[in-house]
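Working notes, structure below.
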Amino acid sequence: MRARVLFFGVLKDLAGRPSEEAEVPAGTTVGGILESCTARFPRLREMAGSIAAARNRQFADFSAAVEEGDEVAFLPPVSGGTADGAAEIAEDGNYYALTRRPIDPRALATRLIAGAEGAVVTFEGTVRNNTNGRPTRFLEYEGYEPMALAAMAGIGREIAAARQIGRIAIVHRLGRVLVGETSVAVVVTAPHRRPAFEAAIEAIDRLKRIVPIWKKECFADGEVWVEGERDRDAPAG
């Protein structure tokens, strides 16, 4: 039986590859594939307790059975396109995208405004010039793109259904992002300011916990993958 195995973030470095084609016996589980990987790439074992898994772009328990042609991805805790443009979902006036181009929050707000809003709240996450005093040159963002885009849209749909807002947009950069540039933007319109602020805060907090995007900080004297906070709702082994 054949399956495609993907490694993201620091796991890609520890395995020495972004992906591989695996021949596995019938009845193999997601956890069985991980055990095989840690046996071949011992450095992965150091992070085994914090790794999450996805099967066919959905979070999966390690006991889940793997079938012929499945795509199995191993994901470190998140730290929250196409080669030149954006992968995007536009629905019900809301907008979600992954892009390798600079984010224009004003254009996002203009896209959302319908005339009935009394508040437009914009959150921008920007790249600072240091981490604990260590000068930062730039950040590199990597994402499991189809799953990340779907997760962003899921967050937006749930917030729009639960809160008194008009529209919401969530956009995240991938690739190299320079100091001072915007890495993520959340824009919310609403009839009143409080729901707009609350929705924006919820969106960025949830994005940082569950959307499979990872950040590498690049310094003048080295680089490091930033390990985020593992989401309690993601299946674990």
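The values are calculated or read from the model by the stated rules, or taken from the named source; none is laboratory data. In this text the structure is predicted, and so the values were computed from the model without any measurement. Methodologically, a virtual Cβ is constructed for each residue, glycine included, from the backbone with ideal geometry; neighbour enumeration extends over all protein chains shown.
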Only one of (1) assigned by TED's automatic domain parsing to the domain that holds A196; (2) surrounded by fewer than 18 Cβ atoms within 10 Å (Cβ to Cβ) does not apply to M47, and that is (1)
Going through (1) closer than 28 Å to M47 by Cβ; (2) not in a loop (DSSP other than H, G, I, E, B) one by one, P77 fails only at (2)
Picking from V177, V184, the residue that is over 20 Å from Y95 (Cα atoms), buried (at least 21 other Cβ atoms within 10 Å of the Cβ), modelled with pLDDT of 95 or more and in contact with a strand residue (DSSP E or B) (Cβ under 9 Å, 6 or more places away or on another chain) would be V177
Given (1) of a type outside the set (D, E); (2) over 22 Å from G154 (Cα atoms); (3) outside the structural domain of E140 (by TED's automatic domain parsing); (4) under 18 Å from the mean Cα position of the chain (by Cα), F8 misses just (2)
Over the stretch 99-142, the set of residues modelled with pLDDT under 95, hydrophobic (A, V, I, L, M, F, W, C) and surrounded by 15 or more Cβ atoms within 10 Å (Cβ to Cβ) is none
- Query: Just wondering, is there one or more residues in the stretch 21-32 that are more than 23 Å from the chain's Cα centre (by Cα), charged (D, E, K, R) and at pLDDT below 95?
  - Reply: yes
Query raised in the report: Do we find a residue being modelled with pLDDT of 95 or more, in a helix (DSSP H, G or I) and among the hydrophobic types (A, V, I, L, M, F, W, C) anywhere in the stretch 210-218?
Result: no
